[in-house]
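Note sheet for the following structure.
The values are calculated or read from the model by the stated rules, or taken from the named source; none is laboratory data. If you're wondering where the values come from, they're calculated on a predicted model, not measured in any experiment. Here Cβ is always computed from backbone atoms with ideal geometry, including for glycine, and neighbour counts include all displayed protein chains.
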Amino acid sequence: MQNNGGIVARQIPEKDLRAIIDVAIGHHDGLSAKQLHEELGGAVALRTLQYRLKHLVETDRLVQEGEGRAVRYRIPTEEESSGIVETPVKQSVPVSKAGQAIRKYVRQAQESREPVGYDRAFLDSYRPNETFYLSEEERTHLHEIGKPQTGEQPAGTYARQILGRLLIDLSWNSSRLEGNTYSILDTRRLIDFGQAAEGKDRLETQMILNHKDAIELLVAEAHGIGFNRHTILNLHAMLANNLLPDSDAPGRLRQMVVGIAGSVFHPLEVPQVIEECFDRILASAHAIGDPFEQAFFVMVQIPYLQPFDDVNKRVSRLSANIPLIKANLSPLSFQDVPNDLYTQAVLGVYELRKIELLKDVFIWAYGRSAARYIAVRQSLGEPDPMKLRYRDELREIIAGVVLGTMGRKDAIVHIAEWANDHIAADDREAFREMAETELMSLHEGNFARYRIRPSEYRAWKEVWSPQTFP
């Protein structure tokens, strides 16, 4: 890009532009350059800020109003933003006054913020079902938007119905919040086809695959998971698999000193105290009666403790889905959550022990996720009760045919014999028809739901005769 004098224009990092937009979002009447400069904590020179504001106005991401000293900058209205691919209005997260104060503090340069250590009283003062991070009104609102019209069903039923979409959404968004550069399309190809994106770091690919494995575990074992050591340690082991320098660290509580990049917060250092606090978090979370309070509690307390060498925030995001999956509520995929805002919200917990900004993000993000999965669920239509009842049996029989590289004639015989041995007589014929139909519709875009690897699918496809079922 060149200006009229032929000089290459300076490239402005998107995160710096996004920081300005995030401030402007909370001020619908606009802000002067000086006010923006103060809100940003003086971290950037006023002249540099004015250059960035000019760029944002020229690219229609901000609107400039007034003249001279009265100039103000604000977010465009939806009408003003029409035609822009991604408008700040549609992506904005409403931030409370308390949340804005937290953002203002953590935006300051590190040397301007007071170093703090872990305060155990922040955890010990919480009393399950007496202390609440979410108000009654907030919990009621979340229940209203998060409960699908599915009636009473076994734990995990709703998540299983939307599993294909959830795997992609949550794997991508949670990884994105860690700085992963995979696109949503890259993520879909990796999860559905096992195809790693070209030019991406191995660790990014591993991160997404780890999310996929962990989400599948939470959904498949919905009836047995909970806030206990077995679940959370194994969840960390799956999310940290092949990502940490110490091969023994996945699934093990921290025994080393860690620091937080970009923060003045110093986590606990004594392994025994870390273990005591970890157990206290699990006991408190288990005792909480409301699933949304449980979800938000672990999003606050697990990262604050930093119980693992790394991957703590990822554990907290997936742990937040445990009570939602068990209660057949809409899961939380962190759809559209801005990276910078999430980071600032977590820093607010670390450095100030204040939860308001993280709560703003949590409630808004849940609304986005719930709306998304209502639409997904509607697009899927009413689930087949036979498929729901025999979900595990169907997975077993389909996987058996594919892994056994059976042709069509052998498959029909196998299905009939297997159904005679495992399916109730009244359902046997319907199950056979369902299994045969499922095999006929198996293709490269849907075999992953049966936990079949691409190489296994390709080997089976080579022997699958073009002859139709008789």
Conditions (1) over 26 Å from Arg113 (Cβ atoms); (2) at pLDDT 50 or above; (3) exposed (fewer than 14 other Cβ atoms within 10 Å of the Cβ); (4) small (Gly, Ala, Ser) -> Gly30 fails only (3)
Original post:
What do you reckon, is Ala240 touching a Pro at 6+ places or on another chain (Cβ under 6 Å) and surrounded by 16 or more Cβ atoms within 10 Å (Cβ to Cβ)?
Top reply: yes
Within the stretch 435-468, the residues that are among the charged types (D, E, K, R) and at pLDDT below 80 are Glu444, Arg449
Residue pairs qualifying under the 7 Å Cβ cut-off, at least six apart or on distinct chains, with the first in the stretch 211-235 being without any contact (Cβ under 8 Å) to a residue 24 or more places away in the chain and the second being buried (at least 20 other Cβ atoms within 10 Å of the Cβ), are Leu217/Met238
Given the conditions (1) closer than 29 Å to Phe447 by Cα; (2) in contact (Cβ under 8 Å) with a residue 40 or more places away in the chain; (3) crowded, with 17+ Cβ neighbours inside 10 Å, every one holds for Glu138 apart from (1)
Taking the stretch 335-367 and the residues there that are small (Gly, Ala, Ser) and more than 17 Å from Asn321 (Cβ to Cβ), the one that is farthest from the chain's Cα centre (by Cα) would be Gly348
Of the conditions (1) modelled with pLDDT of 95 or more; (2) assigned to a helix (DSSP H, G or I), the single one that Leu217 does not satisfy is (1)
Flagged in the stretch 105-132 as under 28 Å from the mean Cα position of the chain (by Cα), of a type in the set (Lys, Arg) and modelled with pLDDT of 95 or more, in numbering order, are Arg120, Arg127
Restricting attention to the stretch 437-457, the residues that are surrounded by 17 or more Cβ atoms within 10 Å (Cβ to Cβ) and closer than 16 Å to Lys409 by Cα number exactly 2
| request: Could you tell me whether any residue of the stretch 37-50 is closer than 18 Å to Gly99 by Cα, among the β-branched types (Val, Ile, Thr) and in contact (Cβ under 8 Å) with a residue 24 or more places away in the chain? | output: no
For Ile25, the lone unmet condition from (1) touching a strand residue (DSSP E or B) at 6+ places or on another chain (Cβ under 8 Å); (2) hydrophobic (A, V, I, L, M, F, W, C); (3) modelled with pLDDT under 85 is (1)
Reported set for the stretch 54-84 where residues are touching a Ser or Thr at 6+ places or on another chain (Cβ under 9 Å) and at pLDDT 75 or above is Arg61, Val63, Gly66, Ala70, Val71, Arg72, Tyr73, Ile75, Pro76
Conditions (1) farther than 16 Å from Leu123 by Cβ; (2) surrounded by 20 or more Cβ atoms within 10 Å (Cβ to Cβ) -> Asn339 fails only (2)
Condition set at pLDDT 90 or above and touching a Lys or Arg at 6+ places or on another chain (Cβ under 8 Å), scope the stretch 395-422, selection surrounded by the fewest Cβ atoms within 10 Å (Cβ to Cβ): answer is Asn420
Per the filter on the stretch 329-375, residues farther than 30 Å from Pro154 by Cβ and of a type in the set (Ser, Thr, Tyr) are Tyr342, Thr343, Tyr350
